[in-house]
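The values are calculated or read from the model by the stated rules, or taken from the named source; none is laboratory data. The structure displayed is predicted, hence computed values, not measured ones. Backbone-built Cβ (ideal geometry, glycine too); neighbour counts: all protein chains shown.
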Amino acid sequence: MAENDTCRLQVFLSHAGVSSRRAAEKLILAGRIKVNGQIVTTLGTKVQAGDTVLFDSKPVQPESALHYLALNKPPLFLCSQSDPENRPLARGLLPRAIHERLYSVGRLDYLSSGLIFFTNDGAFAARLSHPSNRIEKEYFVESVQPIPSELAEQFSSGITIEGIKYQAARLRQLDERTINITLIEGKNREIRRVFSHFHIHPKTLRRIRIGPVELGSLAEGRSRPLEAGELSLLNTLPTG
């Protein structure tokens with residue numbers, strides 16, 4: 001921040017790579033943020049250059065280097081900052097040369113693999129994660145059993161399971177056991193819940209595209225920086 005500049009505390013925290021703006025609001029309300037020695041729990045509080053901001057008693061500053069990475073997450077890795085069971089974390093696969101703390105943009109469940117973004121730009125993460133952006137996410141699914149035609153038909157038109165409606169934007173069946181599924185809203189474990197409803201189970205569930213960014217030939221467990229053109233497209237996607 002330049003001298004005399006001010007910004008909202010949740011914006012400051014997102015620019016410091018602490019979390020997205022929405023998650024920063026929860027941290028503020030939980031009393032985990034101090035400004036100049038005082039706990040702040042009021043959303044919209046302004047901070048300015050020279051203020052001392054602490055998160056869980058540790059100082060934070062806006063980061064000068066912003067990173068945007070695409071990772072091919074393997075199965076059996078968690079998209080979390082920590083795990084009480086000490087399971088391997090996806091962020092542990094990122095380049096060690098990056099010293100800033102990076103966060104995943106959204107999640108892939110423990111058993112799933114494929115494309116996921118990591119960044120320390122909270123505003124970027126919040127924008128991509130917001131449902132109003134309607135960013136397509138495409139998955140390759142290989143089933144243990146043959147996929148019934150009813151699954152594709154009902155998933156396309158909309159199916160309600162335990163009171164929750166699931167609807168794919170597009171489906172393209174490749175053969176009797178494999179299918180490409182494109183989601184927009186992407187509810188928690190959506191594909192697995194729909195498959196389970198039809199008493200079949202994915203053998204492979206891999207995300208192969210997020211918006212304009214494709215997984216391509218990126219090897220499992222490897223990451224790469226998002227290209228300038230990819231970032232530009234992601235930042236100009238229509239909202240609402």
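So for segment 54-68 (the condition being in contact with a Gly (Cβ under 8 Å, 6 or more places away or on another chain) and surrounded by fewer than 17 Cβ atoms within 10 Å (Cβ to Cβ)), does at least one residue qualify?
no
Can you pull out the residues in segment 130-144 that are touching an Asp or Glu at 6+ places or on another chain (Cβ under 9 Å) and either without any contact (Cβ under 8 Å) to a residue 60 or more places away in the chain or not polar (S, T, N, Q) (or both)?
Of everything in segment 130-144, those that are touching an Asp or Glu at 6+ places or on another chain (Cβ under 9 Å) and either without any contact (Cβ under 8 Å) to a residue 60 or more places away in the chain or not polar (S, T, N, Q) (or both) turn out to be PRO131, ARG134, GLU138.
Restricting to segment 146-172, name every residue that is in contact with a Phe, Trp or Tyr (Cβ under 9 Å, 6 or more places away or on another chain) and more than 17 Å from GLU185 (Cα to Cα). Even if it seems obvious, please write down each step before you answer.
So in segment 146-172, the residues in contact with a Phe, Trp or Tyr (Cβ under 9 Å, 6 or more places away or on another chain) come out as 147-148, 150-151, 154-155, 158-160, 166-168, 171.
If the condition is that a residue be in contact with a Phe, Trp or Tyr (Cβ under 9 Å, 6 or more places away or on another chain) and more than 17 Å from GLU185 (Cα to Cα), then ILE147, PRO148, GLU150, LEU151 are the ones that fit.
Could we say that ALA97 is closer than 30 Å to ARG207 by Cβ, surrounded by fewer than 13 Cβ atoms within 10 Å (Cβ to Cβ) and of a type outside the set (Val, Ile, Thr) here?
yes
Conditions (1) in contact with a Pro (Cβ under 9 Å, 6 or more places away or on another chain); (2) in the same structural domain as LEU78 (by TED's automatic domain parsing); (3) under 20 Å from LEU215 (Cβ atoms), marked per residue:
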| site | (1), (2), (3) |
| --- | --- |
| ILE116 | no, yes, yes |
| ASP121 | no, yes, no |
| SER157 | no, no, no |
| ILE161 | no, no, no |
| LEU171 | no, no, yes |
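Has segment 156-165 got at least one residue that is within 23 Å of the chain's Cα centre (by Cα), of a type outside the set (A, V, I, L, M), modelled with pLDDT of 95 or more and not in a strand (DSSP E or B)?
no
Between ARG91, ARG107, ARG96, ARG127, which is over 30 Å from ASP175 (Cβ atoms) and not in a helix (DSSP H, G or I)? Lay out the reasoning, then the answer.
Working: ARG91 fails: not in a helix (DSSP H, G or I); ARG107 fails: over 30 Å from ASP175 (Cβ atoms); ARG127 fails: not in a helix (DSSP H, G or I).
Checking each option against the conditions leaves just ARG96.
Within 28 Å of GLU185 (Cα to Cα) and either touching a Phe, Trp or Tyr at 6+ places or on another chain (Cβ under 9 Å) or touching a residue at least 40 places away in the same chain (Cβ under 8 Å) (or both) - does that describe any residue in segment 25-37? It would help to see each step written out before you state the result.
Going through segment 25-37, the residues within 28 Å of GLU185 (Cα to Cα) turn out to be 25-29.
Next, only the ones that are either touching a Phe, Trp or Tyr at 6+ places or on another chain (Cβ under 9 Å) or touching a residue at least 40 places away in the same chain (Cβ under 8 Å) (or both) stay: 27.
Checking segment 25-37: at least one residue is within 28 Å of GLU185 (Cα to Cα) and either touching a Phe, Trp or Tyr at 6+ places or on another chain (Cβ under 9 Å) or touching a residue at least 40 places away in the same chain (Cβ under 8 Å) (or both).
Given the condition surrounded by 13 or more Cβ atoms within 10 Å (Cβ to Cβ), more than 21 Å from the chain's Cα centre (by Cα), at pLDDT 95 or above and outside the structural domain of ILE116 (by TED's automatic domain parsing), answer yes or no: does some residue in segment 202-222 qualify?
Yes, there is a match, as at least one residue in segment 202-222 is surrounded by 13 or more Cβ atoms within 10 Å (Cβ to Cβ), more than 21 Å from the chain's Cα centre (by Cα), at pLDDT 95 or above and outside the structural domain of ILE116 (by TED's automatic domain parsing).
Could you check, for segment 132-143, whether at least one of its residues is in a strand (DSSP E or B), in the same structural domain as ARG192 (by TED's automatic domain parsing) and of a type in the set (Val, Ile, Thr)?
Yes, because at least one residue in segment 132-143 is in a strand (DSSP E or B), in the same structural domain as ARG192 (by TED's automatic domain parsing) and of a type in the set (Val, Ile, Thr).
Can you give me the number of residues within segment 110-124 that are assigned to a loop (DSSP other than H, G, I, E, B) and among the small types (Gly, Ala, Ser)?
Restricting attention to segment 110-124, the residues satisfying the condition of being assigned to a loop (DSSP other than H, G, I, E, B) are 110-112, 120-121.
This time we only want the ones that are among the small types (Gly, Ala, Ser), so: 112.
Result for segment 110-124: 1.
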